[in-house]
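Undergrad: First, the structure itself, so that you have it in front of you.
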Ligand code: C2E
Ligand code: CA
Ligand code: CA
């Protein structure tokens, strides 16, 4: 089916300007060229037709021809799975409240643009839209419980490693472990988006985490030989795993078998929703008392409460990719990251920018935020251990060449 994008706006001039901007992009969503439909007159707009534009709706914040908030509510009731982009020049708090409401109605709010939006912004939104659709597709193709049990018992859960760099020294301070299923029947690894939600649903997430920790920890001597004694390993943990009061003890047992101290491990916990049940809080505190590092992942995406930083014992915060992407051009993200940096210094928390994808982002962050650690595809994609070792040697050589070049400069 052709993916369709709707523009719903009674301001004809603004709607056609957006139409032209969208048309001048390569509108390929999920590998298929998308079509655009314009809804500019009240008699044009029917909810059925709008919801048929299953890819995305660009909706002007207005009360006529369709009330934006009523539209979002009804889209939620009809389980609209496309994304929405709001078009608004109104007070930012009005727009923010509308986007909070979209979340409440279970409608995916991808972003907000002003009436004088730039081509770069549109280009970025289309990229995000494509990613969102791939993500939806992944969610639809979750691996089955049996396939997951087979992968676990055949020990096919494998760690891929992605480094985090200190911006000031460019040293690798830690490596994050990202789960993959590697099976001989498949050419490509199965990505976490296809099995982590299923693992949570079937109660298999601990088995996955423990297998990963066992494998990552047995690679530890090689990682230390490569990256030095200070290097840490970060493991992803779902907030649901904190419900289990035995969790810290179980991880500790695996580490003790390999003679590794908890201070070498950082547990990254997604800020998907608020960490607040007494079990979660008890486990989090116990992990810290045992000297594990604790990192608040995806900060700035989904549920975000800046008070969690003050209230909860996190040693690190990872700023979500949505705030890092195009930061060199985005005043709003710049202000938030400035504030976070001040706050992190005050609270003695390590700050990491994730999803550094473009050289401009890397340069911006290096020039303005020396204290922030950096991670992202532009530096290094997640790789199996041998790949990481090759990357590191290559990268060291490049770094040394740059240093020699700079020393030669007047
Ligand atoms: P995450 O913890 O936020 O990890 C970062 C994700 O973004 C990874 O995707 C990584 O490959 C990707 N990434 C890194 N740099 C860039 C970049 O510059 N641009 C873009 N576009 N993406 C980048 P991956 O490996 O597919 O993992 C997705 C998510 O699955 C992770 O997000 C994490 O929440 C979850 N996950 C992965 N492994 C585990 C695990 O062992 N346990 C649990 N509970 N969750 C896991
Ligand atoms: Ca993570
Ligand atoms: Ca993250």
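Undergrad: Looking at 223, 227, 245, 207 in this structure, which one is more than 16 Å from ligand 3 (Cβ to nearest atom), in contact (Cβ under 8 Å) with a residue 24 or more places away in the chain and exposed (fewer than 14 other Cβ atoms within 10 Å of the Cβ)?
TA: Numbers: 223 fails: exposed (fewer than 14 other Cβ atoms within 10 Å of the Cβ); 227 fails: exposed (fewer than 14 other Cβ atoms within 10 Å of the Cβ); 207 fails: exposed (fewer than 14 other Cβ atoms within 10 Å of the Cβ).
So the residue among 223, 227, 245, 207 that is more than 16 Å from ligand 3 (Cβ to nearest atom), in contact (Cβ under 8 Å) with a residue 24 or more places away in the chain and exposed (fewer than 14 other Cβ atoms within 10 Å of the Cβ) is 245.
Undergrad: One residue is enough: does the range 218-239 have a residue meeting the conditions part of a loop (DSSP other than H, G, I, E, B) and within 13 Å of ligand 1 (Cβ to nearest atom)? Steps first, please.
TA: Residues of the range 218-239 that are part of a loop (DSSP other than H, G, I, E, B), as a first pass: 219, 228-231, 238.
Restricting the remaining residues to those that are within 13 Å of ligand 1 (Cβ to nearest atom) gives 238.
Scanning the range 218-239, I find at least one residue that is part of a loop (DSSP other than H, G, I, E, B) and within 13 Å of ligand 1 (Cβ to nearest atom), so the answer is yes.
Undergrad: Still on this structure, please answer the following. Give the number of residues within the range 138-147 that are assigned to a helix (DSSP H, G or I) and over 18 Å from residue 31 (Cβ atoms).
TA: As a first pass, look at the range 138-147 and keep what is assigned to a helix (DSSP H, G or I): 138-140, 145-147.
Within this subset, residues satisfying the condition of being over 18 Å from residue 31 (Cβ atoms) are 145-147.
Within the range 138-147, residues that are assigned to a helix (DSSP H, G or I) and over 18 Å from residue 31 (Cβ atoms) number 3.
Undergrad: Take residue 205 and decide whether it is closer than 20 Å to residue 252 by Cα, out of contact with any strand residue (DSSP E or B) (no Cβ under 8 Å at 6 or more places or on another chain), within 16 Å of ligand 2 (Cβ to nearest atom) and at pLDDT 95 or above.
TA: So residue 205 passes the test.
Undergrad: Let me ask you something else. Considering only the range 357-377, state which residues are modelled with pLDDT under 95 and under 26 Å from residue 225 (Cβ atoms).
TA: The answer is 377, and nothing else.
Undergrad: List the residue pairs whose Cβ atoms are under 7 Å apart, where the first residue sits in the range 260-272 and is more than 13 Å from residue 319 (Cα to Cα) and part of a strand (DSSP E or B), the second is within 10 Å of ligand 2 (Cβ to nearest atom) and modelled with pLDDT of 95 or more, and the two are 6 or more positions apart or on different chains.
TA: Cβ pairs passing all conditions: 265/235; 266/234; 266/295; 267/235; 267/237; 267/295.
Undergrad: Something else about it: With the checklist (1) over 22 Å from residue 314 (Cα atoms); (2) in contact (Cβ under 8 Å) with a residue 40 or more places away in the chain; (3) touching a helix residue (DSSP H, G or I) at 6+ places or on another chain (Cβ under 7 Å) in hand, flag the one item residue 177 doesn't pass.
TA: (1) is the only condition that residue 177 fails.
Undergrad: Let me ask another. Cβ-Cβ under 6 Å, sequence separation 6+ or interchain: first residue in the range 296-318 and closer than 19 Å to residue 242 by Cα and in a loop (DSSP other than H, G, I, E, B), partner within 13 Å of ligand 3 (Cβ to nearest atom) and modelled with pLDDT of 85 or more. Which pairs?
TA: So the pair list comes out as 314/296.
Undergrad: Something else now. Please work out which one of (1) within 16 Å of ligand 2 (Cβ to nearest atom); (2) surrounded by fewer than 14 Cβ atoms within 10 Å (Cβ to Cβ) is the condition residue 307 fails and give its number.
TA: Answer for residue 307: the failing condition is (1).
Undergrad: For the range 180-201, what are the residues that are touching a helix residue (DSSP H, G or I) at 6+ places or on another chain (Cβ under 9 Å), over 18 Å from residue 383 (Cβ atoms) and more than 16 Å from ligand 2 (Cβ to nearest atom)?
TA: Passing the criteria: 183, 194, 198, 201.
Undergrad: Do we find a residue being farther than 23 Å from residue 274 by Cβ and either under 19 Å from the mean Cα position of the chain (by Cα) or within 14 Å of ligand 3 (Cβ to nearest atom) (or both) anywhere in the range 390-398? I'd like the intermediate steps shown before the answer.
TA: Here is the first cut: in the range 390-398, the residues farther than 23 Å from residue 274 by Cβ are 390-398.
In the following step, the residues that additionally are either under 19 Å from the mean Cα position of the chain (by Cα) or within 14 Å of ligand 3 (Cβ to nearest atom) (or both) were identified as none.
No, because not a single residue in the range 390-398 is farther than 23 Å from residue 274 by Cβ and either under 19 Å from the mean Cα position of the chain (by Cα) or within 14 Å of ligand 3 (Cβ to nearest atom) (or both).
Undergrad: Turning to a different aspect of this structure: Quick check on my filter: what residues within the range 230-239 are buried (at least 17 other Cβ atoms within 10 Å of the Cβ) and in contact (Cβ under 8 Å) with a residue 40 or more places away in the chain? Lay out the reasoning, then the answer.
TA: Within the range 230-239, the first condition is being buried (at least 17 other Cβ atoms within 10 Å of the Cβ), and the residues that meet it are 231-239.
Result: 231, 232, 233, 234, 235, 236, 238, 239.
Undergrad: List the pairs whose first member sits in the range 16-29 and is within 13 Å of residue 125 (Cα to Cα), whose second member is surrounded by fewer than 14 Cβ atoms within 10 Å (Cβ to Cβ), and whose Cβ atoms are under 7 Å apart, counting only residues at least 6 apart or on separate chains?
TA: Pairs found: 21/119; 27/33.
Undergrad: Ok, one more. Regarding residue 319, is this residue in contact with a helix residue (DSSP H, G or I) (Cβ under 6 Å, 6 or more places away or on another chain), under 27 Å from residue 121 (Cβ atoms) and within 16 Å of ligand 3 (Cβ to nearest atom)? Explain how you work it out, then say what you get.
TA: On the way: in contact with a helix residue (DSSP H, G or I) (Cβ under 6 Å, 6 or more places away or on another chain): no; under 27 Å from residue 121 (Cβ atoms): yes; within 16 Å of ligand 3 (Cβ to nearest atom): yes.
Here the answer is no, as residue 319 does not meet what is asked.
Undergrad: Scan the range 382-390 and give yes if some residue there is within 12 Å of ligand 1 (Cβ to nearest atom) and within 30 Å of residue 109 (Cα to Cα), otherwise no. Working first, answer last.
TA: Filtering the range 382-390 down to residues within 12 Å of ligand 1 (Cβ to nearest atom) leaves 382-383.
Pick out the ones that are also within 30 Å of residue 109 (Cα to Cα) and you get 382.
Yes, there is a match, as at least one residue in the range 382-390 is within 12 Å of ligand 1 (Cβ to nearest atom) and within 30 Å of residue 109 (Cα to Cα).
Undergrad: Another question, then. Please indicate, with yes or no, whether at least one residue in the range 324-342 is assigned to a strand (DSSP E or B) and more than 12 Å from ligand 1 (Cβ to nearest atom).
TA: No, that holds for no residue.
The values are calculated or read from the model by the stated rules, or taken from the named source; none is laboratory data. Just so you know, these numbers come straight off a predicted model, no measurement behind them. Positions of Cβ are backbone-derived with ideal geometry, glycine not excepted, and every protein chain shown enters the neighbour counts.
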